[in-house]
Amino acid sequence: MGFRIEKNPAVPSRMVVFSFSVLSLFLASAVIGIIFLAYGINPIRAYTDVLSKTLGSFYGLSEIIRKSIPLLLCGAGLLLVFRTSFWNIGAEGQILMGALAATWAALFSNFPDFLLIPCLFLFGFIAGAVWGFIPTVLKSRFRISEVITTLMMNYIALYIVLFLIHGPWKGKTMRGFAYTDKFPASASLPLIGNTRIHWPTLIIALILVAAIYIILTRAKLGYEIKVISQSPKAGRYAGISYFKTVFWVMIISGGAAGLAGAGEVAGIHHLLRHPNQISMGYGYTAILVAWLARSNPVITIMTALLMAFIFVAGDTIQLSFGLPSQIVNVSTGLILFFLILSEGMMRYRISWKSKEG
Amino acid sequence: MKNSNPILSMRNITKIFSGKVRANDAVNLDVHPGEIHALLGENGAGKTTLMNILSGYYRADEGEIFMHGKPVLFKSPRQAIENGIGMVHQHFMLVPQHTVAENIALGLKGLPFVFPLRIIEGRLREFVSKYDLSIEPGARIWQLSVGERQKVEIIKVLIRGARVLILDEPTSVLTPEEIDRLFRILKKMKAEGKAIIFITHKLGEVLEISDYITILRKGRVAASLPSSAIAQKEEKAKAELALKMVGREVILDVKKKHVNLGDAVLEVKDLLILNDRGSEAVKGISFSVRRGEIFGIVGVAGNGQGPLVEAITGHRPISGGGCTVTGEIGYIPEDRLNMGSVPDLTIAENSILTQYRNSCFSGHLFLNLPSIQEWAKKLIAMFNIMASGVNTPAKQLSGGNLQRLILARELSRNSSLLIAEQPTHGLDVGSIEYVWKSILEQRKNAGILLVSGDLSEALALCDRIGVMYHGKVTIFTGPFSNKIEKIGLKMIGM
Ligand SMILES: Nc1ncnc2c1ncn2[C@@H]1O[C@H](COP(=O)(O)OP(=O)(O)OP(=O)(O)O)[C@@H](O)[C@H]1O
Ligand SMILES: [Mg+2]
C-alpha cells in the first residue's frame, strides 16, 4: 500500500473543521508540554492547573469573557472587511483611537452625567471609524496599499497616545506616572458582580455580531460585499463601486474597534495609559478571530472566546509557575501556528492506493 | 469500426445530485480507438456530468467503467489521466498569471526538481510540430486568446499521455477559423488511434467530424448510432438529430414581424477607443441603433468588438468621438462565468445582479428577500431553467442553464438598449429558437445591438449588420440574401 496527499476539492464540513481544530489544540499542547518539561515542570500538572484556574474557576471564566469583548468587536468587524479583500490590519490603532476619544469625552467634555457613557461610546466609534476610513481614501485616491497604511496608522495612534499621556493629558493626581487622571464615576461602565465584565460593551458586541449577520444575509451592502468578494468583474458589471463598499465596511469595522477601545478604558482601566496595557494586541489577534470564523459572524463568538482563553491561560501559567513571559508568548504562538496549520490541512486528503493500481 | 474492441465502456452509470437530481440515469457508452464520438443533448441533459465522472471529477453513484475490458475506478482526475483519460472543460481551468509552460508543468509527474521547465519546453516543441499546434511556451495565459488557451488545455492533456480526449463544448468559444484548426488536430489524433469524445450543440459540426453519436435526454441515452446512419442531406440530418435531442421538431427559421422604428437609443459617432496596450482598437466608427431594430456586429474575434462594447457599457474610456445611450442598458456579456454571474451565489441572488437597486428588490438599506425569491421563480419558469430551487448556488447549473438565467435576467429588464454578446453560446437548438424569439420580441421597446460570432444568427435576426475588421466597420442593410458572400469577404478584410 502506498498513499498520496492530494487536494480535496470539497469544502470541509463543520464536523471536519471542528475536529481538526480540536486536534490541533491537542498537538500544540503536546509540543508546549515538551517546553514545560525542559523547565522541569510536569506538563500534566501544569495543564490541570491551568484548566482549573481558567475554565474551572469563576474568576478565570469571567476573565475569559472580559477579554473576549474587544476580540469580538474587532473580529466581527474584520470578518466583514476581509470579505472585500481589503487587508485591514489596523484594528489595533483603531482601538487606541477609540480609547483616546472616549478618554477625551470622559475627562474633558462637559456632557451631563447621564449622557456621558453613550457619548463616550459614540466618540470611540467615530474616532475608530475615521482611523479606518483614512486608508480607504489613500487607497482609492493614491493607490497606496492598505496593508502599509493600516499598519503605519497603528504606530501613529500608538505615538499619539504616548504623547498625550506623557504630555498634555498627564494626570495631575498621578504623581509622575504616565497616566491620565482617573475617569469620573459617571464615565465608568457598570460591571457584572465582582468580575471585570463591563456588560454594556458585551451587549454592544453581541448586537454588532447580530447586525453583521443581518448585513450579510439581507442588507444591500452585504449583497454588494458578496458579489465583489467572489468576482470583482461581476461587481463592475453590476455597477457596484468597490471603494464605496469598502468605505462603509471600514467605517463599520473601524468604528467597532473604536468601541472596543472605549470599552477598555471606561470598563477596565478608568484612565488612559500605555497603549500596550490598553490593548495587549487585541487588534492583531482579532485578525485570527475573523479568519478562524471564516465567513460566519456568529462563529466569531466562539473564536473570540477561544483566543481569550489562550490569553488567560498564558497569564495563569506565568503567574503559577513563574515562567518568563517570552515562554508564554512562544506557547500562544505555537497554538496559533497549529490552528493555522490545521486550516491548511483541511483542504487536503490522503488517498490510499495499492501498488499495482 | 465496430469490430475493434472498445477502448472504453461505461455501464449503467447513474449520478444523483443532492438526493434528487438524476443527472445521469443508467447511461451506457462505448468508445473505440480512432473514433470521434459526439455526445449531444439538451442543456442539462447530463453530458458534462457524465464526462466529469469519466475523468474522475465526480464519482458515479452506480455503474462501472471499463478500460480495455478491465474495470477501473477513478477517485480523482489524476487517476483518470494516469489511465489515459483527459478532459478539456467547458470552462477552462488555467492559471492566468502563469506561463504556458508552467501551466502545462503543473501536476506533471516525472519531472526533475531543477529546471523542469526546460524539459517541458522541449516536449512542447515536439507536440507543436507533431500536431501543428503553434504556441509560445513563455507566453502568459492571460495574454492568450480563447482559442490559444484551448490549445494549451489540449496540450496539457495530451502531454500526460491521454488516449481518450474529452472536449466539453470546445467550439462554442472559437472563431470559424479556429474551429477548422481544432478539427484538423482532432483528425490527426484520430488517425493515431486516439479516441475523442466531443460535446457540442452545433449539429453541423457533428455531421462534419463525428463517427458515432450518442444523444442524452434527461440523463438517459435517447439514441446511439453511427453517423453514417443519419440522413445524407444536411438539413434533413440536422432536423433528425434535433428531433432526437429535444423530442419535438425545431424550426430555426424565425418569422420577423415588422416593427415600427423609434428614436435612436444608441448613437456612436467617430468613436475612437484604445485597447489595454494603448493602441487603437476602434478607429473612428459611426453608427446608430434605433428602437425597434436589431443591429448586428460581426467579425473575427479581436477586431475591436470587445472594446466597442466595453466603451458603450461604460467599462472603458473613450479616446475620441462620442457615444450616447438613451435610457438603460441591458447587457448579456460573453463571459458568463466571471462577469455575467457570480457562481458561488444562489440563483435568486444572481437573478438580481444588475437590478438589485430597483425598488422592487430593495429599499434604502435592505433587500426585499421574498420578492427576490418570487422574481427568481418567475425567471426559472419563463425560461425553463433546469434547477432544483432558487436557493441553490448558480454554479450547480449546467452551462446552458446558467446562460439561460443571464438571458432571462437581462431580457426581462425593460431596458431601452439591449446589448447581446454571443447570446446563444452553449444553448441547445430548442432554446436557441426561444431566445431568438425573445430577442425579436424585445424590439417592441428596445433597440438591440447583437454581437455574434455566428454569422447565420446575425443573418437571421438583424436588420442591419456592421462588419468589423481592424477597428473599422462596414455596414450592410438587409435583406442579406444576396450579400452573404460580400459580408464574408469583409470579415477577412477584402
Ligand atoms: N454539482 C452539482 N450539484 C447539483 N446539481 C448539479 C451539479 N452539476 C450538475 N447538476 C445538475 O445536473 C444536471 C445535468 O447537468 P450537466 O452539467 O451535466 O448538463 P449538460 O448536459 O452538460 O448541459 P449543458 O449543455 O447546459 O452544459 C443539471 O440539471 C444540473 O443542474
Ligand atoms: Mg455542460
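A few remarks follow.
- Computed from label points 7 Å out along Cα-Cβ, the spacing between B:Ser371 and B:Asn445 is 1.6 nm.
- Those lysines that a straight Cα-Cα span of less than 22 Å connects to B:Lys70, excepting residues fewer than 8 apart in one chain: A:Lys353, A:Lys355, B:Lys2, B:Lys15, B:Lys194
- Kirkwood Rh in Å, taken over all unlike Cα pairs in the protein assembly as shown: 31.0 Å
- Couplings 3J(HN,Hα) for the stretch A:248-253, derived from phi with the Karplus relation 6.51 cos²θ - 1.76 cosθ + 1.60 (θ = phi - 60°), are 5, 5, 6, 5, 5, 5 Hz, where x marks Gly and Pro.
- Estimated 222 nm signal from helices in chain A, with DSSP H stretches of n ≥ 4 weighted -39500 (n - 2.57), rounded to 500: -24000 deg cm²/dmol
- Whole-Hz ³J(HN,Hα) from phi, Karplus 6.51 cos²θ - 1.76 cosθ + 1.60, for the stretch B:388-405, glycine and proline x: 7, x, 7, 9, 8, x, 4, 5, 7, 6, 5, x, x, 6, 5, 4, 5, 4
- In Hz, Karplus ³J(HN,Hα) per residue of the stretch B:216-224 (6.51, -1.76, 1.60; θ = phi - 60°; x = Gly, Pro): 9, 9, 6, x, 10, 6, 8, 6, 8
- Shielding value for B:303-315 is 1, the average number of Cβ atoms from other chains within 10 Å of each residue's Cβ.
- Evaluated with a Cβ-only charge set (Lys, Arg +1; Asp, Glu -1), chain B carries a dipole of roughly 580 debye about its Cα centre, given to the nearest 20.
- Lysine-lysine proximity count for the stretch A:62-285, Cα under 27 Å, sequence distance 8 or more or distinct chains: 12
- Cα gyration tensor shape of chain B, rounded if a/c is under 1.5, else prolate or oblate by comparing a/b with b/c: prolate
- As a proxy for reagent exposure, B:Thr313, A:Thr300, A:Thr149 were ordered by neighbouring Cβ count within 10 angstrom, fewest first; the result is B:Thr313, A:Thr149, A:Thr300.
- Listed residues A:Ala210, A:Ala102, A:Ala293, most fluctuating in chain A (Gaussian network, C-alpha, under 10 Å): A:Ala210
- Estimated dipole of the stretch B:300-458 in Debye, rounded to 20 [Cβ of Lys and Arg +1, of Asp and Glu -1, Cα centre]: 380 debye
- For the pair A:Thr217 and A:Ser295, the difference between a 0.36 nm per residue extended length and the Cα-Cα distance amounts to 26.9 nm.
- Global form of chain A, assessed from the alpha-carbon gyration tensor, a/c cut-off 1.5: oblate
- Counting other Cβ atoms within 10 Å as a rough exposure proxy, the listed residues A:Tyr159, B:Tyr356, A:Tyr47 run A:Tyr159, A:Tyr47, B:Tyr356 from fewest neighbours to most.
- Mean partner shielding of peptide B:70-80, defined as the number of other chain Cβ atoms within 10 Å of each residue Cβ, is 2.
- Per residue, chain B reaches -9000 deg cm²/dmol at 222 nm when only DSSP H runs of four or more residues are counted, each adding -39500 (n - 2.57).
- FRET efficiency for A:Met152 and A:Gln277, using Cβ-Cβ distance with R0 set to 22 Å, rounded to 0.05: 0.50
- Förster radius 35 Å - calculated FRET efficiency between B:Ser129 and B:Ser481, Cβ distance, rounded to 0.05: 0.20
- Distant-in-sequence amide contacts of B:Leu40, defined by a placed amide H-H separation under 5 Å and a gap of 5 or more residues or a different chain, comprise B:Thr214, B:Ile215, B:Leu216.
- Relative to the longest principal axis of the Cα atoms of chain B, helix B:369-382 runs at roughly 70 degrees.
- Backbone amide hydrogens, once placed in the peptide plane, bring B:Leu167 within less than 5 Å of B:Val88, B:Ile197, B:Phe198, B:Ile199, excluding anything fewer than 5 places away on its chain.
- Taking 20 Å as the straight-line reach from the Cα of B:Lys256, the lysines in range (excluding those fewer than 8 positions away in the same chain) are B:Lys437, B:Lys444, B:Lys483.
- Isotropically averaged projected area of the stretch B:8-246, using the convex hull of Cα atoms (one quarter of hull area), nm²: 13.2 nm²
- Remark on B:Leu8: its backbone amide H falls under 5 Å from those of B:Val31, B:His68, a criterion applied only to residues 5 or more positions apart or on other chains, H modelled at 1.01 Å from N.
- Computing FRET efficiency as 1/(1 + (r/R0)^6) for B:Ala229 and B:His91, where r is the C-beta to C-beta distance and R0 is 41 Å, gives about 0.80.
- Mean projection area, nm², convex hull over Cα of the stretch B:247-331: 8.1 nm²
- Averaged over B:345-353, number of beta-carbon atoms from partner chains that fall within 10 Å: 2
- Cα gyration tensor shape of the stretch A:224-357, rounded if a/c is under 1.5, else prolate or oblate by comparing a/b with b/c: oblate
- The alpha-carbon of B:Lys486 sits under 17 angstrom from the alpha-carbons of these lysines, leaving out residues fewer than 8 places away in its chain: B:Lys472.
Each value in this text was obtained by applying a stated rule to the coordinates, not by laboratory testing. None of the values given here were measured: they were computed from a predicted structure. Positions of Cβ are backbone-derived with ideal geometry, glycine not excepted, and every protein chain shown enters the neighbour counts.
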